[in-house]
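The values are calculated or read from the model by the stated rules, or taken from the named source; none is laboratory data. All values reported here derive from a predicted model rather than from experimental measurement. Positions of Cβ are generated from backbone atoms using ideal geometry, with glycine treated the same way; all protein chains shown enter the neighbour counts. Ligands, DNA and RNA are excluded from the accessible area calculation, which covers all protein heavy atoms including side chains. Shrake-Rupley method; radii C 1.70, N 1.55, O 1.52, S 1.80 Å.
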Amino acid sequence: MDLVSVFTANPEFTVIEGRHELGTVDPIVLTRKVAGPRIIVLAARSWQVTYIDWKRRRCYVEPSDIPARMRWAGDAGPLSFSLVRAERGVLLGVDPEVTISKRAAKALEEIRENHHIEVSANGLVLLREGDDVHWWTWAGARANATLIAGLSGIADDAQRPDNFRVRLRGTEAAEYLPAALKGLGWDEVLPFVSPAALAGLKFSEVLPPDLAVATIAERLADHDGAKAVAAEPLVWNVAT
């Protein structure tokens, strides 16, 4: 039946606590490398993943007090490169081509003020925050997952791919970033895929394991977005 059937549902996982469905998450949330328990945020709180049913696309969780490093709550998934770049454009001063209210104009002004350190018209920002360095790529989670995979030793490969930034391994690693970006063929870079994710891949029973992994990785990747980011200049900022 798997070979002759067709389905159109989005490849999302239903998150379940006990007998209650909490929402859905994108597979990229469940396939990244993690150190320790896998923590996700859904319905405005943290949950620890206890079991993943890859075939049925279900993720079982229990409440957790461990904070998760995430940029969104609820069931929001990875955003596209073009959409996140449009957000960056707004922060840099691009106004909507519509008439907006005074309240909306004030809100835009406040947002730009709150996030001005994360954007620059001269390039992509490397932001030093204490011992941490974040590279504000504004590229979407799939492009950032591709960048993380290609920058081993420079990007922290244990992080969850974020829509807006990539966490680097400190200031010293950031100094090697420009050279590393120039020396990579991004069309060949694929994000990390958990071997357990193969169970949820349609036709996985008739695919060699390496081809199955490559298939999932291709779905999680954004090669064009990664290439666009790699070609842009870098600007250092320091959080105050």
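Assorted remarks:
- Mean Cβ neighbour count within 10 Å, used as a protection proxy, ranking 157-167, 99-109 highest first: 157-167, 99-109
- Applying a length cut-off of 15 Å (Cα extent along the axis) and a mean Kyte-Doolittle floor of -0.5 to the DSSP H helices of the chain leaves 81-91, 209-220.
- Each label point was placed 7 Å from the Cα along the Cα-to-Cβ direction; for Ala228 and Ala107 their separation is 2.6 nm.
- Annotation: amide H of Glu12 has no partner in the under-5 Å range at sequence separation 5 or more or interchain, hydrogens built in the peptide plane.
- With every protein chain in place, the chain: carbon and sulfur % of accessible area (1.4 Å): 53 percent
- Here the stretch 96-132 and the stretch 31-45 have alpha carbon centers that stand 28 Å from each other.
- Solvent-accessible area per residue for the chain (1.4 angstrom probe, square angstrom): 55 Å²
- Annotation: aspartates and glutamates with alpha-carbon distance below 14 angstrom to Lys106 (same-chain offsets under eight excluded): Asp95.
- Listed residue (Ile39, Asn163, His223) projecting farthest to the positive dipole end of the chain, Cβ model: Ile39
- Computed extension gain for Val34 through Asp65, at 0.36 nm per residue and net of the alpha carbon distance, reaches 9.5 nm.
- Accessible area ranking (1.4 Å probe, heavy atoms, ligands and nucleic acids excluded), largest first, for Phe81, Phe13: Phe81, Phe13.
- Each residue of the stretch 172-181 was assigned a 3J(HN,Hα) from its phi angle through the Karplus expression (A = 6.51, B = -1.76, C = 1.60, θ = phi - 60°), giving 4, 5, 4, 5, 8, 4, x, 5, 5, 5 Hz with x at Gly and Pro.
- Note on Thr171: accessible area is roughly 50 Å² with a 1.4 Å probe, heavy atoms of protein only.
- Bridgeable aspartates and glutamates around Lys102 (alpha carbons under 16 Å apart, same-chain partners fewer than 8 residues away excluded): Glu110.
- Counted over the chain, the DSSP beta bridges are approximately 75% antiparallel.
- With the gyration tensor restricted to C-alpha atoms of the chain, the semi-axes of the equivalent ellipsoid amount to 32, 23, 18 Å, longest first.
- Only Lys, Arg, Asp and Glu carry charge here, each on its Cβ (+1 for the first two, -1 for the last two); on that basis the chain has a dipole of about 340 debye about its Cα centre.
- With 0.36 nm allotted per residue and the present C-alpha distance subtracted, the Ala239-Val94 stretch has 49.8 nm of extension available.
- Stokes-Einstein translational diffusion, the stretch 37-137 - Kirkwood Rh over all Cα pairs, 1.306 mPa s, 10 °C, in µm²/s: 94 µm²/s
- Ranked by how many other beta carbons lie within 10 Å on average, peptides 84-96, 52-64, 134-146 from highest: 134-146, 52-64, 84-96
- Per-residue [θ]222 nm for the chain (sum of -39500 (n - 2.57) over DSSP H runs n ≥ 4, rounded to 500): -8500 deg cm²/dmol
- Relative contact order computed over the chain (Cα-Cα under 8 Å; 6+ residues apart), in percent: 21 percent
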